[in-house]
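This report concerns only the one structure given below.
The values are calculated or read from the model by the stated rules, or taken from the named source; none is laboratory data. Computed from a predicted structure; not experimentally measured. Glycine also receives a Cβ, built like all others from the backbone with ideal geometry; neighbour counts cover every protein chain displayed. All accessible areas refer to the heavy atoms of the entire protein, side chains included, with ligands and DNA or RNA removed. Shrake-Rupley method; radii C 1.70, N 1.55, O 1.52, S 1.80 Å.
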Amino acid sequence: MRRHLYHIVLLFLATAAQAAPPQSLQCEQMIDPEGIDTRHPRLSWQITGDGSNLHQTAWQILVASSPELLAKDRGDLWTSPRTPGDQSRMIPYAGLPLKSGQSCYWKVKVWTNTGTTEWSTPAHWSMGLLQPTDWKARWIGYDEGFPWDSVSKFSRLSARYFRKEFSTNTPVKKATLYIAGLGHYLVAINGQSIGDQVLAESPTDYTKSVKYNIFDVTSLCKQGANAIGVTLGNGRFFTMRPKYKPQKIKEFGFPKLLLQLALEYANGQHRLITSDSTWRFTADGAIRTNNEYDGEEYDATKEFPGWTQPGFDDKKWLQPQYTTAPGGHLSAQTDEPIKVMATINPVSIKQLDSSTWILDMGQNIAGWLQLKAKGARGQHITLRFAETLKPDGDLYTANLRDARVTDSYTLKGKGAETWHPVFVFHGFRYVAITGYPGTPTIDDFEGQVTYDNLPTIGYVETSDTLLNHIIKNAWWGINANYKGMPIDCPQRNERMPWLGDRATGSLGESYLFANENLYAKWLQDIEESQKPDGALPDVAPAYWNYYSDNMTWPGTYLLIADMLYTQFGDAKPIQQHYASMKKWLDYMTGKYEKNGIMTKDKYGDWCVPPESPQLIHSKDTLRTTDGQLIATAYYYHFLTLMAKFAAILHQPDVYTTQAAEVKKAFNKKFLDTDHYSNNSVTANLLPLYFHLAPGNARPAIIRQLFNRIAQNQDHISTGVIGTQWLMRGLTRFGQPDLALRLATNKDYPGWGYMVQQGATTIWELWNGNTADPAMNSQNHIMLLGDLLTWCFEDLAGIAPAEPGFKKIRMDPVFPKNLNYVSASYNSPYGLIKSTWRREEGTIIWDITIPPNTTAIIHGETIVGSGTHRFTSKTQTPI
């Protein structure tokens, strides 16, 4: 009997798998991150390895309360039976009841069609605090500003520093820290920083929910004297524009802290160190102000060395206040933390005038700049950020609106100093540096790229270098706008989680980034923003009070739930949010549906490219699309999605009949023989893609769609709405060559045009460099539409045939102007590869299928893992 080697790593997110060495089998082990906050976490594993037709036939899980018991194959918490089947995803824990703070150690044995395997390498998870009564800490803070602060439109609020000393008489066996620091926090014990996360914790509507983080700090707590130090920044909690437009901007208050340190001693005793009135605090420290829009000011002359270590003299510090809880439900953060995910070096530095230098990073990024300098005490360095330059070489900042985006550092004058901000981020390519001591060089600076700790799980490369550049720009734009929630831009005075920006875009993102937990968290943000009558906002969390009642922006709620099910095989978000989605759809139906037509629309086909590069908005009525057509088409699509969700949840289907009535009304109102409404591309595309168009009319409508694109010289003429379905639509209607032309046009309008103008991310406007640059964010992703999805699903032929890629549809198209496409995607079941190329009139197509899956290759089923090659003299490789 053949035995296989397993290697299992505990993951809270997916990682890119590598091909296993010959005659080996590996397994990556995962736990549903919600496991830390639920009594029934879901356990998963991913099998990788060599060999063909490899599939799982049975599994067994052991969960133990200690690594020692697990090593003896004793699952005192849960020993599952040997369970036949190929399920390896989201198996609910079914053992003894789990307790708050409990540590769980687990491993899995997998049987395959090749024989018995060994137990996997052990993995571990810890439970959070499952009951509100488990929290013994109290919220502390200080609900006032200080003389050097300013609570105004342009707020200046310094960081708050909290510390607590405690002693232990016996050795510490285990120490677990639970912390919620609003808006952001840094925490240290005995002088050692805890964790490598930044901008912690995830932002929410703090009146609805508050996230806390958990850390194992056993190695930092010692017998004898100890000290905890916490620095609080403002984040989204102390609003970036407090007391400014209160009807629009939601306020939460001054920063506050909730902390609980659970100690278990070697003698079996337990102790809690909690935030309370015995702590000490000051705001007169080095971080003089911090604001996501305006920047961070740091005065190193006001540092207090050793303040997070025992023995520091804090007699002049103040006693914190007990403060009112923010109001939101406390729950453990289950989405990945923000981290410094990459560093980049500047490409040039040029002197602008006698006091200013312009640094070019060569890439538009989101994060901050780290500097090194040596100068006199009190010398002041200022850093200003921008995405582009004016003709004279200075920063262009008009598009940042009133965001001041300026950091400053005051030197302490003790040799070489290194600094970067900690409670802000900037979207920038260029930095204006003033006050630098001496002559700066590019070696004195480093760009630190910050985004959610989401690994890149998908890659695609083609023979078209322009298309490759566009995909690269998309990758940079997406990561820049992951900040504990998906935001629209990282640079100006907005940075808001607009729903419409991420509708089908989230699907394309999921092929590049393992974004499952981020979007599951965002769905909760959306639900928490729902009004009692069912209305959903355009921005969630609802930091801005925008409830405009339309189908397209709030409907992202349904689209993302469907994306999580389709891409990751997770029905839980649908189950969790079904009632809220139904409530919203019922609200819109009751308020705005008239005889099958959805009468309310807010944004239309947002950002349609104007016919002239100099126009901000199109004046061509053939480009704009009737808002009621858009709203009703989406209404129909959402009804079909809700029917799908009802079937998944075994709920009564009240939507199919309603959808049929809407379809009839839609065609009666908008169909004109061979086209819809004014014959715009979007007007024809939506009913075709959503299957609203009658079968006998489809060929004529498709011809009209192509004709309209031809009238626009084979260029994009759709906005945010139409572009979400455009590339896949054209390919499904038999025009992959046309789709490729639209994708790679070098002149206006198109993604290639942005590249030709020097863009390194995706613009907000198709013509943002000519119409009104002051209106253009150069780092938006809403115009990506379905481009990335098209690259993976159509060009590479990697798509789910069943939820979560348990069954894979592999059916690439072969545009005439492409000579090769190579893509890989680490699906929930493992690595999928698809590479095709043309050689002397022959298409050679190589695919790799992960174990425990099946693939549908042009209708033929291939079971299990392995690499396969197909060749053909025609456009079809089989």
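Here are 693, 697, 710: which of them is out of contact with any helix residue (DSSP H, G or I) (no Cβ under 8 Å at 6 or more places or on another chain), under 22 Å from residue 666 (Cα atoms) and not basic (Lys, Arg)? Steps first, answer last, please.
Working: 693 fails: out of contact with any helix residue (DSSP H, G or I) (no Cβ under 8 Å at 6 or more places or on another chain); 710 fails: under 22 Å from residue 666 (Cα atoms).
Selected residue: 697, the only one of 693, 697, 710 that is out of contact with any helix residue (DSSP H, G or I) (no Cβ under 8 Å at 6 or more places or on another chain), under 22 Å from residue 666 (Cα atoms) and not basic (Lys, Arg).
Could you list, in sequence order, all residues of the range 368-388 that are farther than 11 Å from residue 407 by Cβ, polar (S, T, N, Q) and within 38 Å of the chain's Cα centre (by Cα)?
Residues of the range 368-388 that are farther than 11 Å from residue 407 by Cβ, as a first pass: 372-380, 386-388.
Next, only the ones that are polar (S, T, N, Q) stay: 379, 388.
Listed by number, the list holds a single entry, 388.
Being touching a Phe, Trp or Tyr at 6+ places or on another chain (Cβ under 8 Å), under 30 Å from residue 43 (Cα atoms), surrounded by 15 or more Cβ atoms within 10 Å (Cβ to Cβ) and of a type in the set (Ser, Thr, Tyr): is that true of residue 580 here?
Details: touching a Phe, Trp or Tyr at 6+ places or on another chain (Cβ under 8 Å): yes; under 30 Å from residue 43 (Cα atoms): yes; surrounded by 15 or more Cβ atoms within 10 Å (Cβ to Cβ): yes; of a type in the set (Ser, Thr, Tyr): yes.
Yes; evaluated as a whole, the condition is true for this residue.
Please indicate, with yes or no, whether at least one residue in the range 539-549 is in contact with a strand residue (DSSP E or B) (Cβ under 8 Å, 6 or more places away or on another chain) and either assigned to a helix (DSSP H, G or I) or at positive phi (or both). Steps first, answer last, please.
Of the range 539-549, the ones in contact with a strand residue (DSSP E or B) (Cβ under 8 Å, 6 or more places away or on another chain) are 539, 543-546.
Then keep just the ones that are either assigned to a helix (DSSP H, G or I) or at positive phi (or both); that gives none.
There is no residue in the range 539-549 that is in contact with a strand residue (DSSP E or B) (Cβ under 8 Å, 6 or more places away or on another chain) and either assigned to a helix (DSSP H, G or I) or at positive phi (or both).
Among residues belonging to the range 462-479 that are among the hydrophobic types (A, V, I, L, M, F, W, C) and open to solvent by less than 10 Å² (accessible area, probe 1.4 Å), point out the one that is nearest to residue 743 (Cα to Cα). Walk me through it before giving the result.
First, pick out the residues of the range 462-479 that are among the hydrophobic types (A, V, I, L, M, F, W, C): 466-467, 470-471, 474-476, 478.
This time we only want the ones that are open to solvent by less than 10 Å² (accessible area, probe 1.4 Å), so: 467, 470, 474, 478.
On the way: 467: 7, 470: 9, 474: 13, 478: 18 Å.
Among them, the one singled out is 467.
Identify all residues within the range 268-325 that are β-branched (Val, Ile, Thr) and either closer than 29 Å to residue 252 by Cα or at pLDDT below 95 (or both); write none if there are none.
Applying the first criterion (β-branched (Val, Ile, Thr)) to the range 268-325 yields 273-274, 278, 282, 287, 289, 301, 308, 323-324.
Residues satisfying the conditions are 273, 274, 278, 282, 287, 289, 308, 323, 324.
Of the residues 702, 709, 721, 716, which single one is surrounded by 20 or more Cβ atoms within 10 Å (Cβ to Cβ) and assigned to a loop (DSSP other than H, G, I, E, B)? Step through it out loud before you land on a result.
On the way: 702 fails: assigned to a loop (DSSP other than H, G, I, E, B); 709 fails: assigned to a loop (DSSP other than H, G, I, E, B); 721 fails: assigned to a loop (DSSP other than H, G, I, E, B).
Unique residue meeting the criteria: 716.
Evaluate the following for residue 156: is it open to solvent by less than 20 Å² (accessible area, probe 1.4 Å), charged (D, E, K, R) and in contact with a strand residue (DSSP E or B) (Cβ under 8 Å, 6 or more places away or on another chain)?
The answer is no for residue 156.
Check whether at least one residue in the range 295-310 is among the acidic types (Asp, Glu) and assigned to a loop (DSSP other than H, G, I, E, B), and report yes or no. Walk me through it before giving the result.
Step one: list which residues in the range 295-310 are among the acidic types (Asp, Glu), which gives 296-297, 299, 303.
With the extra rule that they be assigned to a loop (DSSP other than H, G, I, E, B), the set shrinks to 303.
Yes, the range 295-310 contains at least one residue that is among the acidic types (Asp, Glu) and assigned to a loop (DSSP other than H, G, I, E, B).
Among what's in the range 779-811 and is part of a loop (DSSP other than H, G, I, E, B) and out of contact with any strand residue (DSSP E or B) (no Cβ under 6 Å at 6 or more places or on another chain), pick the residue that is surrounded by the fewest Cβ atoms within 10 Å (Cβ to Cβ). Outline the logic, then answer.
Filtering the range 779-811 for residues part of a loop (DSSP other than H, G, I, E, B) gives 779-781, 785-786, 796-798, 801-802, 806, 811.
Narrowing the set further to residues that are out of contact with any strand residue (DSSP E or B) (no Cβ under 6 Å at 6 or more places or on another chain) leaves 780-781, 785-786, 802, 806, 811.
Working: 780: 26, 781: 27, 785: 26, 786: 24, 802: 14, 806: 19, 811: 20.
So, considering only residues that are part of a loop (DSSP other than H, G, I, E, B) and out of contact with any strand residue (DSSP E or B) (no Cβ under 6 Å at 6 or more places or on another chain), the one surrounded by the fewest Cβ atoms within 10 Å (Cβ to Cβ) is 802.
Checking the conditions here, which among 335, 360 is surrounded by 15 or more Cβ atoms within 10 Å (Cβ to Cβ), in a loop (DSSP other than H, G, I, E, B) and either in contact with a Ser or Thr (Cβ under 8 Å, 6 or more places away or on another chain) or small (Gly, Ala, Ser) (or both)? Spell out the reasoning first.
On the way: 360 fails: in a loop (DSSP other than H, G, I, E, B).
Among 335, 360, only 335 is surrounded by 15 or more Cβ atoms within 10 Å (Cβ to Cβ), in a loop (DSSP other than H, G, I, E, B) and either in contact with a Ser or Thr (Cβ under 8 Å, 6 or more places away or on another chain) or small (Gly, Ala, Ser) (or both).
Restricting attention to the range 436-456, which residues are open to solvent by 10 Å² or more (accessible area, probe 1.4 Å) and not in a strand (DSSP E or B)?
Once the filter is applied, which keeps residues that are open to solvent by 10 Å² or more (accessible area, probe 1.4 Å) and not in a strand (DSSP E or B), the range 436-456 yields 436, 437, 438, 439, 441, 442, 443, 444, 453, 455.
Return the pair list, or none, for Cβ contacts closer than 6 Å from residues in the range 673-694 that are in contact (Cβ under 8 Å) with a residue 12 or more places away in the chain to residues that are part of a strand (DSSP E or B), at least 6 apart or on different chains.
These pairs meet every condition: 683/676; 684/675; 684/676; 687/676.
For every residue, the table says whether it meets (1) open to solvent by less than 60 Å² (accessible area, probe 1.4 Å); (2) in contact with a Leu (Cβ under 7 Å, 6 or more places away or on another chain); (3) over 30 Å from residue 276 (Cα atoms); (4) hydroxyl-bearing (Ser, Thr, Tyr).
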residue	(1), (2), (3), (4)
43	yes, no, yes, no
80	yes, no, yes, yes
103	yes, no, no, yes
134	yes, no, no, no
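Name the residue that is surrounded by the most Cβ atoms within 10 Å (Cβ to Cβ), counting only residues in the range 590-606 that are in a helix (DSSP H, G or I) and in contact (Cβ under 8 Å) with a residue 40 or more places away in the chain. Before you say what the answer is, go through the steps one by one.
Taking the range 590-606 as the starting set, the residues that turn out to be in a helix (DSSP H, G or I) are 590-592.
Subsequent filtering for residues that are in contact (Cβ under 8 Å) with a residue 40 or more places away in the chain retains 591-592.
On the way: 591: 13, 592: 18.
Checking each candidate, the answer is 592.
From the list 234, 267, 291, which residue is open to solvent by 50 Å² or more (accessible area, probe 1.4 Å) and in contact (Cβ under 8 Å) with a residue 60 or more places away in the chain? I'd like the intermediate steps shown before the answer.
Details: 234 fails: open to solvent by 50 Å² or more (accessible area, probe 1.4 Å); 291 fails: open to solvent by 50 Å² or more (accessible area, probe 1.4 Å).
Being open to solvent by 50 Å² or more (accessible area, probe 1.4 Å) and in contact (Cβ under 8 Å) with a residue 60 or more places away in the chain holds for just one of 234, 267, 291, which is 267.
Quick check on my filter: what residues within the range 517-536 are in contact with a strand residue (DSSP E or B) (Cβ under 8 Å, 6 or more places away or on another chain) and either surrounded by fewer than 19 Cβ atoms within 10 Å (Cβ to Cβ) or among the β-branched types (Val, Ile, Thr) (or both)?
528
What is the one condition in (1) crowded, with 22+ Cβ neighbours inside 10 Å; (2) among the hydrophobic types (A, V, I, L, M, F, W, C); (3) in a helix (DSSP H, G or I) that residue 665 does not satisfy?
The one condition residue 665 does not meet is (1).
Could you count how many residues in the range 755-775 are surrounded by 23 or more Cβ atoms within 10 Å (Cβ to Cβ) and among the polar types (S, T, N, Q)?
2
Condition check ((1) of a type outside the set (A, V, I, L, M); (2) at pLDDT 95 or above; (3) closer than 18 Å to residue 695 by Cα; (4) over 30 Å from the mean Cα position of the chain (by Cα)) across all residues:
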position: 635; (1), (2), (3), (4): yes, yes, no, no
position: 651; (1), (2), (3), (4): yes, yes, no, yes
position: 657; (1), (2), (3), (4): yes, yes, no, yes
position: 660; (1), (2), (3), (4): no, yes, yes, yes
position: 668; (1), (2), (3), (4): yes, yes, yes, yes
position: 680; (1), (2), (3), (4): yes, yes, no, yes
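Looking at 841, 866, 830, which is the one that is in contact (Cβ under 8 Å) with a residue 12 or more places away in the chain, small (Gly, Ala, Ser) and open to solvent by 20 Å² or more (accessible area, probe 1.4 Å)?
Numbers: 866 fails: open to solvent by 20 Å² or more (accessible area, probe 1.4 Å); 830 fails: open to solvent by 20 Å² or more (accessible area, probe 1.4 Å).
So the residue among 841, 866, 830 that is in contact (Cβ under 8 Å) with a residue 12 or more places away in the chain, small (Gly, Ala, Ser) and open to solvent by 20 Å² or more (accessible area, probe 1.4 Å) is 841.
Confirm whether residue 459 is aromatic (Phe, Trp, Tyr), open to solvent by 10 Å² or more (accessible area, probe 1.4 Å), at pLDDT 95 or above and out of contact with any Gly (no Cβ under 8 Å at 6 or more places or on another chain).
Numbers: aromatic (Phe, Trp, Tyr): yes; open to solvent by 10 Å² or more (accessible area, probe 1.4 Å): yes; at pLDDT 95 or above: yes; out of contact with any Gly (no Cβ under 8 Å at 6 or more places or on another chain): yes.
The answer is yes for residue 459.
So residue 125 clears everything in (1) touching a helix residue (DSSP H, G or I) at 6+ places or on another chain (Cβ under 6 Å); (2) crowded, with 19+ Cβ neighbours inside 10 Å; (3) in a loop (DSSP other than H, G, I, E, B) except one condition, right? Which one?
(3)
Which of the strands (runs of 3 or more DSSP E) found entirely inside the range 146-236 contain at least 1 residues meeting this: touching a helix residue (DSSP H, G or I) at 6+ places or on another chain (Cβ under 7 Å) and of a type in the set (D, E, K, R)? Quick ask: steps written out before the conclusion?
Values: elements: 160-168, 172-182, 184-189, 209-216, 224-233.
Passing ranges, in order: 172-182.
Please specify each residue of the range 546-569 satisfying the condition of being under 20 Å from residue 643 (Cβ atoms), out of contact with any Pro (no Cβ under 8 Å at 6 or more places or on another chain) and not aliphatic (A, V, I, L, M).
552, 555, 556, 557, 562
If you go through the range 624-660, how many residues are of a type in the set (Phe, Trp, Tyr) and not in a helix (DSSP H, G or I)? Step through it out loud before you land on a result.
Applying the first criterion (of a type in the set (Phe, Trp, Tyr)) to the range 624-660 yields 634-636, 638, 645, 655.
Of the ones still in play, those that are also not in a helix (DSSP H, G or I) are 655.
Going through the range 624-660 one residue at a time, the tally reaches 1.
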